[in-house]
Amino acid sequence: MVEVVIFDLDGTLAETEEVHRLAFNRAFADSGLDWDWDVPLYRELLKVTGGKERIAHFIERSGGRAEPGFVAELHKAKTAIYTRMVAAGGVPLRPGVREFIAAARAAGLELAIATTTSMPNIEALLGAALGPNWREVFPVVGAGDMVEKKKPAPDVYRLVLDKLGKAPELCVAIEDSRNGVLAARGAGLTVVAVRSPFSADDDLAGASVELLNCEGLTMALLDSVTRLS
Ligand code: XBP
Ligand code: MG
């Protein structure tokens, strides 16, 4: 019987990647860089998880050398811009997610988060969407630099399982991207995939269930969650 649902954050709990993209570009402009990550380029760069890793990859693919201190500073500036944009309430939960959270809690399921993004971003988004007590909804969080290897490595899911003290068989992951599905599968979890605009073309093979959107998440998931167990 499934006891825990582990949510990915970006693209799954909320459509955040467009705001990340705008924050990256604002940070580049503020730093006097003429870099502009348009949507097609960002979609490609999203294959690299982690904002610092993404910036470093972009520099290296352009023939430069990614100096870690420079990358970290630039990413810190981007995070400050992103958290301001999100804390202002600019990014709602995806349609159906709030209803699912209520139904899952009413059904006695525990909820957790396994994400590549940084803690300040999580606090800004969930503080705006669920209020200052958001940790009552998601008491366990695996994020960003808590793990050495980011998705598609399974590390962040293994960290969350460890914090939960649960076997993977008791947990279901909800993911929007190929990297996320691979990470959750690598940790032995059943995965429900819910595509997002930036993962529209991702190969989500490995997911047990693919939902077109979160609208039907509650019934479909609770049904599939019990059926998957
Ligand atoms: C998505 C990511 C993150 C975000 C940007 O994370 O890969 O890197 O794109 O956030 P997930 P940061 O889908 O696992 O939630 O700049 O903080 O990395
Ligand atoms: Mg995601």
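Per residue, how much accessible area does the range 1-61 have with a 1.4 Å probe, in Å²?
41
Could you name the lysines in cross-link range of K52, using Cα to Cα under 28 Å and dropping any fewer than eight places away on the same chain?
K76, K78, K149, K150, K151, K163
As a test of reading the structure, rank L211, L9 by solvent-accessible area (1.4 Å probe, protein chains only), most first.
L211, L9
Find out how many positive minus negative residues lie around G186, taking Lys and Arg as positive, Asp and Glu as negative, among other residues whose Cβ is under 13 Å from that of G186.
My count for the surroundings of G186 gives +4.
Are there trypsin sites (Lys or Arg not before Pro) in the range 155-202 that DSSP marks as loop and that have at most 15 other Cβ atoms within 10 Å, and which are they?
When the trypsin sites (Lys or Arg not before Pro) of the range 155-202 are filtered for loop state and at most 15 Cβ neighbours within 10 Å, nothing remains.
Report in % the part of the accessible area of the chain that belongs to carbon and sulfur, leaving out ligands and nucleic acids; probe 1.4 Å.
Its accessible area is 54 percent carbon and sulfur atoms.
Under 5 Å between amide hydrogens, which residues at least 5 positions from E3 or on another chain qualify, with H placed 1.01 Å from N in the peptide plane?
C171
Relative contact order of the range 52-188: what whole-number percent is it, with Cα pairs under 8 angstrom and at least 6 residues apart?
19
The values are calculated or read from the model by the stated rules, or taken from the named source; none is laboratory data. If you're wondering where the values come from, they're calculated on a predicted model, not measured in any experiment. For neighbour counting, all protein chains shown are included, and Cβ atoms are generated from backbone atoms with ideal geometry for every residue, glycine included. Quick note on the areas: whole protein, heavy atoms, side chains included, nothing else; ligands and nucleic acids left out. Shrake-Rupley method; radii C 1.70, N 1.55, O 1.52, S 1.80 Å.
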